[in-house]
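Any read-out appearing in this document is the output of simple, stated calculations on the displayed coordinates, not a laboratory observation. Source: prediction; values computed, not measured. Here Cβ is always computed from backbone atoms with ideal geometry, including for glycine, and neighbour counts include all displayed protein chains.
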Amino acid sequence: MNAVLCSAQFNYFPFYTVDSTEQIQLSQKCSERVFSSFLVPEDVSSAYKKQYKQQKEESRDYVKSLVKYTSMNDQLINSFVQSVFSKISAGNPDLKDYTIVLSDWPIMNAAYVGGHVIVFYVPLLSRMENESQVAAVLCHELAHGQLDHVQSGLKKLLAELYDKEFQKKMKKTMKEEFNVQEKINMLTMKFSFNTRFHSREFEKAADSLGYLFMLNSGYDAYQFESMLDVLKHIDEAPFKDSTDFLKFFTCSSDPVKTQQYKSTSIFSRSSEDKEKDEKLRDSLRTHPDCEKRKVFIKGLMASHLPGVARETDAALFKKIKWASTMETIMADFDYQYYDMSLLNSLLYLDYAKDNEFLKIMIALNVYKIYEATKNHELSDYISNYSDGNPARLNDLLYLLNSLRLSELKSLLECFYKLNVASFTNDEFTLAANYCFSKMEEDNKAEQWQNKYKSKYTNGRFISLLELDEKPGKKKKK
Ligand SMILES: [Zn+2]
């Protein structure tokens with residue numbers, strides 16, 4: 001990991017375009033295809049039919065917004081993903097009519113959404129180790145598509161929901177006096193949990209067929225297994241070692257003591273409980289059951305040996321990985337997940353010590369956190385401390401929750417003064433200057449606003465600098 005980073009820490013500034021024509025066209029095309037792929041069954045009850053139609057419409061609307069607001073059509077990352085898909089479809093001609101959408105929505109995933117449309121989320125790319133792993137993810141999703149899993153998943157769900165036994169069970173539950181609501185929740189949970197586009201029992205089938213696509217593609221099929229290893233750990237922070245976050249802010253005249261902000265687990269548990277915890281934790285992972293899936297793939301590999309793998313461009317992949325990481329940090333900021341954006345900026349800055357983009361993102365995130373603390377809205381913008389979080393995130397949350405407003409202010413003052421002279425990107429620097437002036441109340445904020453407005457009429461920080469037509473808070477999604 002470190003070696004990968006060292007050679008690729010180029011100063012990448014995230015992609016931005018005001019022209020949304022392509023995104024709108026793509027969202028129209030994808031949502032229409034998703035809509036028409038749902039074929040309403042004939043021989044079912046009217047209640048079933050109604051539910052089915054509702055799901056059909058919801059899926060169309062979901063895909064429409066997702067593609068319209070989060071898809072990326074940049075020349076670097078999107079072109080790379082499209083080229084991986086081209087190589088897969090060259091070896092698997094049946095897969096030619098798929099559309100792969102690159103999205104910057106902050107989730108470590110890829111998903112088949114129906115209508116031969118696959119959404120690949122940028123953050124997942126930031127954690128892949130090589131091009132073949134990206135191909136393996138795509139092959140798995142393409143298999144979901146070929147097996148029509150959105151349709152069969154929905155039909156299976158509705159069949160169960162309208163099943164007589166199930167309805168009897170619901171009625172019986174309603175009659176019982178205790179914990180009625182809880183039992184209803186338990187019964188209905190399996191229908192709402194993770195079923196939208198994904199049903200876990202289809203994973204095995206998608207892995208089997210996906211592995212065959214992988215063999216045909218010429219990519220290194222052994223990477224199918226290592227890709228599952230990456231998925232297993234994807235909810236953890238990218239670096240294992242503990243980081244002293246405050247070391248980046250070391251010029252404060254009244255230094256905040258680091259040690260007092262180390263978080264510790266507040267629970268201690270028996271080993272039996274830990275085993276139960278592990279099962280629950282696995283089921284809540286973005287990608288559950290990875291160990292089982294690995295065993296299954298190993299079996300497949302034994303009977304269908306991978307052949308000689310095609311050459312891939314390792315240097316290009318490193319560039320893609322770094323760019324995707326920077327895009328993820330930007331997206332977390334844009335979608336107002338300031339804790340995640342700050343956490344990753346700090347962790348990666350530890351490995352790319354002079355990276356300007358990371359430094360500016362630290363300043364912007366700390367400012368947003370300062371502002372939220374000042375307005376008593378911190379809990380709206382940062383996660384709850386939880387044993388389910390990565391340890392590094394808990395450390396940071398603990399720190400952020402413990403700092404007084406004056407301490408946060410002095411951290412940002414220190415950080416800004418240490419680094420501002422090295423900033424060269426005009427647009428990002430203006431944003432940092434504006435935030436600093438807002439915090440300091442030094443009467444320069446308006447000057448930065450005017451400068452920004454004259455140079456970046458449709459810039460990416462219009463809303464941050466409160467230059468948009470309707471100022472006010474963006475809704476957190
Ligand atoms: Zn899947």
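In what sequence do Ser379, Ser341 fall when counting other Cβ within 10 Å, fewest first? Provide the component values of the computation, followed by the final result.
On the way: Ser379 10, Ser341 25.
Ordered from fewest to most neighbouring Cβ atoms within 10 Å, Ser379, Ser341 come out as Ser379, Ser341.
Exposure proxy check: Cys251, Cys435 ranked by fewest other beta carbons within 10 Å?
On the way: Cys251 12, Cys435 26.
Arranged by neighbour count, lowest to highest, Cys251, Cys435 become Cys251, Cys435.
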Exercise. Hey, what do the phi angles of the stretch 226-232 turn into as Karplus ³J(HN,Hα) couplings, whole Hz, using 6.51/-1.76/1.60 and θ = phi - 60°, x for Gly and Pro?
Worked result: 5, 4, 5, 5, 4, 4, 4
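Pull out the extension gain between Leu161 and Lys29, defined as 0.36 nm times the separation in residues minus the alpha carbon to alpha carbon distance; nm, one decimal.
Details: separation 132, 0.36 × 132 = 47.52 nm, distance 3.13 nm.
Roughly 44.4 nm would be gained on extension.
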Problem set entry | Charge tally in the Cβ shell below 12 Å around Glu291, where Lys, Arg are +1 and Asp, Glu are -1, Glu291 excluded | +2
Exercise. How much net charge surrounds Gln449 when only other residues with a Cβ under 12 Å from its Cβ are counted (Lys, Arg +1; Asp, Glu -1)?
Worked result: +2
Seminar exercise, completed: Packing-ranked peptide list from 22-32, 444-454, highest mean Cβ count within 10 angstrom first, is 22-32, 444-454
For this session: Would you mind checking Lys240/Lys319; Lys409/Lys438; Lys68/Lys453; Lys64/Lys155 for any pair whose Cα atoms are more than 18 angstrom apart?
Result: Lys240/Lys319; Lys68/Lys453; Lys64/Lys155
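Can you order the peptides 101-112, 406-417 by their average number of other Cβ atoms within 10 Å per residue, highest first? Spell out each step's value before the answer.
Details: 101-112: 21.3, 406-417: 18.8.
Put in order of decreasing packing, that is 101-112, 406-417.
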Exercise. With each label point set 7 Å from Cα along the Cα-Cβ vector, what nm distance links Thr17 and Asp313?
Worked result: 1.9 nm
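In nm, what is the difference between 0.36 nm times the number of residues separating Asp350 and Leu39 and their Cα-Cα distance?
On the way: separation 311, 0.36 × 311 = 111.96 nm, distance 5.19 nm.
Extra length available between Asp350 and Leu39 comes to 106.8 nm.
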Problem set entry | Pairwise label distance in nanometres, Asp61 with Ser283, each label 7 Å out on the Cα-Cβ vector | 3.0 nm
For this session: Enumerate the amide H contacts of Ser103 below 5 Å, restricted to partners 5 or more residues apart or on another chain; note that Pro and chain-start residues carry no placed amide H.
Result: Met72, Phe120, Tyr121, Val122
For this session: With label points built 7 Å along Cα→Cβ from the Cα atoms of Ser83 and Ala47, find their separation and express it in nm.
Result: 5.4 nm
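Sort Arg60, Arg33, Arg281, Arg404 by Cβ crowding within 10 Å, fewest neighbours at the top. If you can, show how the numbers build up before the last one.
Numbers: Arg60 21, Arg33 18, Arg281 14, Arg404 10.
In order of increasing Cβ crowding within 10 Å: Arg404, Arg281, Arg33, Arg60.
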Seminar exercise, completed: Charge tally for neighbours of Met330 with beta carbon under 10 Å away, counting Lys, Arg as +1 and Asp, Glu as -1, is -3
Exercise. So how do 135-145, 424-434 stack up, highest first, on mean other-Cβ count within 10 Å?
Worked result: 135-145, 424-434
